[in-house]
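To start, the structure under review is shown below, and the notes come after it.
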Amino acid sequence: MRVFLAGAVLLAAHAAHADPFEAALDDVTQGRHAAAAVAFHALADTGDATAAHNLAVLFALGKGVPQSHIEASYWALTAFLKGLNRAAPLSDALLAELSERERIALAERLETRFAPSAQSGDGPSMLALAIILALLRPVPDVVAAYSWQSIAAAIDTPGAARAREQTRKMLPTDARPEAEAQAKAAFLAWCAGRADDAPAQCRLVTALAPIAR
C-alpha cells in the first residue's frame, strides 16, 4: 500500500486548482509536508475533495503529521463522499485496517460532517449519508439510507433515483412497502424542518398524506 500512497499526491497535481492548492503541492515537492498538511486541511474543510484526498495521503504516510490510519480514513472517505471517485482505492485500503470500533467512530464522525448540509437540502450530502448508513456502518441501516436517497431523488439530485433503486434491491421484497412508508415519513419530517423554504414537492406530498386518526 505504501507504493500506491507515495504516488497519490502526485496524481492530484495534474488538476487545475486555485493558488492555495498549487502552493500546497509545491510544499509537497519541496519536502515541506507540515505546511502542505495545514494548507490541504484548510481547503478540505471548505469542501475541496482533492485536498481532502491529499491530506489523507499525508496522514497515511505520516509526512508533516503523525501517522494515523483513522485520520487518513476520515479524509479519504470525505473525498470519496464529496464525489472524488479516485479516492475509492485509498479509502478501501485504509478501511480494511480499521477495527469494528474504529469503523463505528468513523461512521459517526462522517455522519456529523454531512448531516447538517443534508438537512439543509444539499442532495449530494444526502447521498453521502446514505452510503455511510448502508455501507460504512458495521451494522447497516439500509432503510435509513433508502430514505435519504428517496429525499434526494424527490429534489432531483443527479444519480439519486438510480442509487435509491439499487438500495431498494438490497431489501427483502416484503420489506419494501414499509421502507417506502418510512421514506415518505422521513420526507415529510424533512419538509417540516424546512419552514418557509420547503420545495413545492413538500406541499404536494403533505396534501396527499393520510389524516392521522
**Message:** With angles folded into 0 to 90 degrees, how steeply does helix 19-29 sit against the dominant principal axis of the chain? Use alpha carbons for both and round to 10.
**Reply:** 50 degrees
**Asked** Can you list the HN-Hα couplings for the stretch 100-110, worked out from phi with the Karplus curve (6.51, -1.76, 1.60; θ = phi - 60°), rounded to whole Hz and with x for Gly and Pro?
**Response** 4, 4, 5, 5, 4, 4, 5, 4, 5, 5, 5
**Item:** Rounded tilt (10° steps) of 49-61 against the dominant C-alpha axis of the chain
**Value:** 50 degrees
**Asked** With axes computed from alpha carbons, what is the tilt in degrees of helix 176-192 against the longest principal axis of the chain, rounded to the nearest 10 within 0 to 90?
**Response** 80 degrees
**Asked** From the phi of every residue in the stretch 150-156, what ³J(HN,Hα) in whole Hz does the Karplus formula 6.51 cos²θ - 1.76 cosθ + 1.60 yield, where θ is phi - 60° and glycine or proline is x?
**Response** 5, 5, 4, 5, 5, 9, 6
**Request:** Just name one of PRO172, ALA195, MET126: the one whose Cα is farthest towards the positive end of the charge dipole of the stretch 104-208 (beta-carbon charges, Lys/Arg +1, Asp/Glu -1).
**Result:** PRO172
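Show that you can apply the helix-only estimate: for the chain, add -39,500 (n - 2.57) for every DSSP H stretch of four or more residues, divide by all residues, and state [θ] at 222 nm to the nearest 500.
Values: 13 runs with 147 residues, N = 213.
So the helix-based figure for the chain works out to -21000 deg cm²/dmol.
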**Item:** Neighbourhood net charge (13 Å Cβ-Cβ; Lys/Arg +1, Asp/Glu -1) for LEU55
**Value:** -2
**Request:** Select one label from [x] -0.42, -0.50; [y] -0.30, -0.37; [z] -0.50, -0.60: the one whose number is log10 I(q)/I(0) by the Debye sum over Cα atoms at q = 0.09, 0.10 Å⁻¹ as derived from the coordinates shown.
**Result:** [x]
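None of the figures in this text is laboratory data; all of them are computed from the coordinates on show. Quick caveat: nothing in here was measured; it's all calculated off a predicted structure. Note: ideal-geometry Cβ built from the backbone for every residue, glycine included; neighbour counts use all protein chains shown.
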